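Undergrad: Structure below; questions to follow.
The values are calculated or read from the model by the stated rules, or taken from the named source; none is laboratory data. Note that the coordinates shown come from a computational prediction; the quantities given were computed from them, not determined experimentally. Don't worry about glycine lacking a Cβ; one is built from the backbone with ideal geometry, like all the others, and counts go over all protein chains shown. To get the accessible areas, we keep the full protein, side chains included, count just its heavy atoms, and leave off ligands, DNA and RNA. Shrake-Rupley method; radii C 1.70, N 1.55, O 1.52, S 1.80 Å.
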Amino acid sequence: MASTAGPEIERLISLLAKLPGMGPRSARRAALALLKRREQLLVPLAAAMAETADKVVNCSVCAAPDTRDPCAICSDEARDNGLICVVEEAGALWAMERSGAFRGKYHVLGGLLSALDGVGPDQIRVGELIGRAKAGDVREVVLALPATVDGQTTAHYLSEKLAAAGVEVTSLARGVPVGGELDWLDDGTIVQALRARRPA
Ligand code: ZN
């Protein structure tokens, strides 16, 4: 197929097309928008991406992305060390933080257990979570996982492991729409789900 743009632009488009929610068509539109707004958009975006690639690491405690390790949340002495909220990905952590309702620490699993996709406990950060629960002064672990089959399989597995470690396990309240996308929920819903959390 003949290429309409040069190889550099085609490469940009093919990379943009890999982003969530993007396909080849929207990637072309995005590339065009970047090229049209070179100084306002393309140059600062390229700089921000380079800086992110250079400076952002995953926290060695909770796995949240940050420029420091341990991350700002793990380093915050004012936050409750005895309370850990478990999320699938950092997007859910950001949503919880936006709600301002949670003053504990986090643990990012980096995925969910899935028999279908062959994801076992060793492929996600389960061992690290159990280690934290056993090592420190952890009283309660709040599971903020999606209400999907994989989310609930993971929640069930973690509940058993954490209970064996002597930690109280709770889940965000059901009945509120805590689906796979915690980061899409409005802050009020998250606050409500957190307040009404119950034993997992
Ligand atoms: Zn951290």
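Undergrad: Report the Stokes-Einstein translational diffusion coefficient (µm² s⁻¹, integer) for the chain, Rh taken as the Kirkwood radius over Cα pairs, at 4 °C with viscosity 1.567 mPa s.
TA: Rounded to a whole number, D works out at 69 µm²/s.
Undergrad: Could you tell me the convex hull volume per residue, in Å³, taken over the Cα atoms of segment 103-159?
TA: 81 Å³
Undergrad: May I ask you to list the trypsin sites (Lys or Arg not before Pro) in segment 24-55 that are in a DSSP loop and have at most 14 other Cβ atoms within 10 Å of their Cβ?
TA: Passing sites in segment 24-55 are ARG37.
Undergrad: Of the cross-linked pairs LYS18/LYS161; LYS18/LYS55; LYS55/LYS161, which ones have a Cα-Cα span greater than 30 Å in the structure shown?
TA: LYS18/LYS161; LYS55/LYS161
Undergrad: Same structure, new question: Would you mind computing, in nm to one decimal, how far apart the modelled labels at ALA147 and GLU160 are, each placed 7 Å from Cα along Cα→Cβ?
TA: Rounded to a tenth, the inter-label distance reads 2.4 nm.
Undergrad: Hey, got the dipole for the chain? About the Cα centre, +1 on K and R Cβ, -1 on D and E Cβ, debye to the nearest 20?
TA: Dipole magnitude for the chain comes out near 460 debye.
Undergrad: Would you please state the base-10 log of I(q)/I(0) at q = 0.18, 0.24, 0.26, 0.27 1/Å for segment 7-55, with intensities from the Debye formula using one equal scatterer on every alpha carbon?
TA: Treating every Cα as an identical point scatterer, log10 I(q)/I(0) equals -0.58, -0.94, -1.03, -1.07.
Undergrad: Put +1 on the Cβ of every Lys and Arg and -1 on every Asp and Glu Cβ in the chain; which of GLN152, ALA165, LEU129 then has its Cα farthest towards the positive end of the dipole?
TA: GLN152
Undergrad: Another question, then. Need one value: the accessible area of GLU89 in square angstrom, 1.4 angstrom probe, rounded to the nearest 10.
TA: My reading of the accessible area for GLU89 is about 90 Å².
Undergrad: Oh, and also: Once you have the Kirkwood Rh of segment 31-140 from its Cα pairs, apply Stokes-Einstein at 25 °C and 0.890 mPa s and quote D in µm²/s.
TA: 153 µm²/s
Undergrad: If you plug each phi of segment 26-43 into the Karplus form 6.51 cos²θ - 1.76 cosθ + 1.60 with θ = phi - 60°, what whole-Hz ³J(HN,Hα) values come out, in order, with x for Gly and Pro?
TA: 5, 5, 5, 5, 5, 4, 5, 4, 5, 5, 6, 10, 4, 6, 7, 10, 4, 5
Undergrad: Going by amide H atoms built from the backbone, whose H comes under 5 Å of the H on VAL169, apart from near neighbours?
TA: Amide H neighbours of VAL169, under 5 Å, 5+ apart: VAL141, ALA200.
Undergrad: Follow-up question, since we're still on this one. In square angstrom, what is the accessible area per residue of segment 65-171 with a 1.4 angstrom probe?
TA: Spelled out: the 1.4 Å probe surface of segment 65-171, per residue, equals 46 Å².
Undergrad: Here is a follow-up. For the chain, what is the percent of antiparallel DSSP beta bridges, rounded to the nearest 5?
TA: Beta bridges within the chain, antiparallel portion: roughly 30 percent.
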